[in-house]
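What follows is a single structure, written as structure tokens, with notes after it.
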């Protein structure tokens, strides 16, 4: 009984954490235009048509995912519901994966989609995943974070190295470090 009380208390304390739920209305044309400008500013060789299309898809798809994931509260509250099996999807890596897949389906030729992770080795913060868009040939660190999880379906977009909330690392590098740590733990001396 005490355990149930502690779990309920923890859940209630998470209720107010994170951003307010997104209002799942139509995406803001000003957000699309702002993101388009940021994508164009990634450098020469970025197609204006692709910048507009990628911006529109990213902003619209964020809203579509919020509806699909049935977002009704803060991101941390939704994570709790997913982890308890109440909701099927909506963890940050779901958003990142679905955003990556949707943008890759556009067949962009002058832009690349990357994945990034923050707080992977920080025991004081929860790990967070996102998609990043960059100019073709540039690394993720020269791109723009596309984070729909942070505001529950309203896209946060910010230059990767200027994100005030997270210090991003390339996903494949984080996963390689995790594999190396796991291999070290499972190695039998001898």
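The values are calculated or read from the model by the stated rules, or taken from the named source; none is laboratory data. These figures come from a predicted structure and were not determined experimentally. Backbone-built Cβ (ideal geometry, glycine too); neighbour counts: all protein chains shown.
Quick notes
- The residue of the range 116-152 that is surrounded by the most Cβ atoms within 10 Å (Cβ to Cβ), among those that are at positive phi and modelled with pLDDT under 95, is 152.
- Considering the range 36-76, and only residues there that are part of a helix (DSSP H, G or I) and at pLDDT below 95, the residue that is nearest to residue 97 (Cα to Cα) turns out to be 75.
- Close Cβ contacts (under 7 Å, 6 or more residues apart or on different chains) running from residues in the range 103-132 that are within 30 Å of residue 52 (Cβ to Cβ) to residues that are in a loop (DSSP other than H, G, I, E, B) and at pLDDT below 95 comprise 117/127; 128/119.
- Reported count of residues in the range 138-189, each being under 22 Å from residue 102 (Cβ atoms), assigned to a loop (DSSP other than H, G, I, E, B) and over 15 Å from the mean Cα position of the chain (by Cα), is 2.
- Enumeration of residues in the range 92-112 that are touching a strand residue (DSSP E or B) at 6+ places or on another chain (Cβ under 6 Å) and either within 12 Å of residue 130 (Cα to Cα) or in a loop (DSSP other than H, G, I, E, B) (or both): 92, 93, 96, 99, 100
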